[in-house]
1. Go through segment 123-133 residue by residue and turn each phi into a ³J(HN,Hα) via Karplus (6.51, -1.76, 1.60, θ = phi - 60°); whole Hz please, and just put x for glycine and proline.
2. Nearest 0.05, what FRET efficiency do A428 and I360 give at R0 = 35 Å with Cβ-Cβ as r?
3. Quick one: 3J(HN,Hα) in Hz for segment 375-392, Karplus 6.51/-1.76/1.60 with θ = phi - 60°, rounded, Gly and Pro as x.
4. Taking the Cβ-Cβ separation of Q318 and I242 as r and a Förster radius of 30 Å, what is the calculated FRET efficiency to the nearest 0.05?
5. Run the helix sum for the chain: -39,500 (n - 2.57) per DSSP H stretch of 4+ residues, divided by residue count, reported at 222 nm to the nearest 500 deg cm²/dmol.
6. Considering only the other residues whose Cβ falls under 13 Å of the Cβ of L279, what net charge follows from Lys and Arg at +1 and Asp and Glu at -1?
7. Could you work out how much longer the chain between A201 and T461 gets when fully extended? Use 0.36 nm per residue separation minus the Cα distance between them, nm to one decimal.
8. Mind grabbing the accessible area of E391 for me, 1.4 Å probe, Å², rounded to tens?
Amino acid sequence: MTASAIAAGRSSRDHEAWSRAVVSRDPRFDGVFYVGISTTGIYCRPVCPARVSYPERRRFFPSAAAAEQEGYRPCLRCRPELAPGLGVCDAVPRVARAAAMRIATGALNGRSVAELAQELGVGERHLRRAMERELGVSPVELAQTHRLLMAKCLLTDTDLPVTRVAFASGFQSLRRFNSVFQERYRLSPSMLRRRPRPTLASPAPGLPGDWIRLTLGYRAPLAWGELVQRIAPDTPPGVGSIEGVRYGRTVALEGCRGVILVEAEPAASHVNVDLSGSLLPALMPLLARLRHLLDLDAEPAVIDAHLEQEGLADLIAQRPGLRLPGAFDGFEIAARELMGSNDLFGRVTQELGEPFDTGIASLDRLGLTPYRVAEAARFIAHLGVPARRAEALASLGQAVADGELRLEPGSEVPATLEALTRIPGVDARSATAIVMRALHWPDAFWAAEPELQRAAGVRTTESLQRIAERWRPWRGYAAAQLAYVKAVRRE
């Protein structure tokens, strides 16, 4: 099925809404769809500042890849590569969604579709059919679009040599990169560089070594201060740090090591990301993890409006755009949950995390890895972790290290919950908390939590469950709002 057929299969109501969004440049639809202009062969975001086209010249597409498959090339003004992506709860069947998430992290860079299908537990033909049916493109075409848009971003926003851009974008050879770029965009990488570009953003001053600044878009509003404070306990001293409203952490990913520093720029609806040049080879999975951690693909206007209608209007008014933080590293989040204490988490990380000289005093250690934790159950117990929890940590580390348990977006929620609760010492409450963060499960909710019950003004688990049914499929966001009621009452 072609992208045109996918678009044609959507309701006239969708097309009417999308047409209104294009005319009004409604930012709520940014990244939800793309509009191709038949006379120019260019596709744009709905927020493009260019003059609005005539309705008969518009072609709507559910993704950038679908537009490119039909021969459209990305607009140089609105830059489709900067659009936020679709949220995890969008109506895309499980296999296609899981595959799309993995491909966005670079799962097909140097690997085959057959390997990805095996990883997802399905046949290669079934995976191809599912993606073409739901997204209008094949797995290879989707991966190609991700690589090209990443390359376009690096060519526009940095002065990196074209060779570094090619490999950082997931291409396996410079010749292939030049060929595909010319074929798809009808200009060479060097020609794109010669066009007028925005003033290049500089990384924060005083950073040691080679650094690069990129941006990640989001749909406003974004409660950045609250988000930073919620992710702060997840990265212990040495691995992570908070300076004002800037979040930083060390990174070890796909054989690369470095540091990232992140700070929101609300006026531009994007997040500035400063990263060590050493992390460029792992750029695609790195940026995907950051989007997941910061919940940048959420649609806050939709989520907030739903929760307002279902009794949480006062809380939404105080904190519009509250995000549900994900996990930069799923195992790290799981280890923090099982230890149950920031102090213990910090102590264990200080002993088992590998020292790392970053040149930044507050960041001098890499995070916990499943392999080291799996081998150190007795040592962890000596650090003050209760024996049962130490055993649970070791079992969890072994399961992740062996590939039996995947704590990352795209994994199946029920199967992951079941696998976690089979580990001795991991109860249903902890499993729910881990899956909410590691898999970014927006409907996660633990109604047996006494503090949540008090925040909601009820006294029983059954009462809270009944109320929470109205908050689906965003009960996790409702719980995040109620958590602030708990905090105020504790104060």
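1. x, 4, 5, 5, 4, 4, 5, 4, 6, 5, 6
2. 0.35
3. Those phi angles translate into 8, 10, 4, 5, 5, 4, 4, 5, 7, x, 6, x, 3, 5, 6, 4, 5, 4 Hz.
4. 0.85
5. Working: 24 runs with 232 residues, N = 491.
The helix-only estimate for the chain comes to -13500 deg cm²/dmol at 222 nm.
6. +2
7. Additional length available on full extension: 88.5 nm.
8. 120 Å²
The values are calculated or read from the model by the stated rules, or taken from the named source; none is laboratory data. Note that the structure is a prediction, hence the values are computed from the model and not measured. Neighbour counts are summed over all protein chains in view; Cβ atoms, including those assigned to glycine, are modelled from backbone coordinates with ideal geometry. Quick note on the areas: whole protein, heavy atoms, side chains included, nothing else; ligands and nucleic acids left out. Shrake-Rupley method; radii C 1.70, N 1.55, O 1.52, S 1.80 Å.
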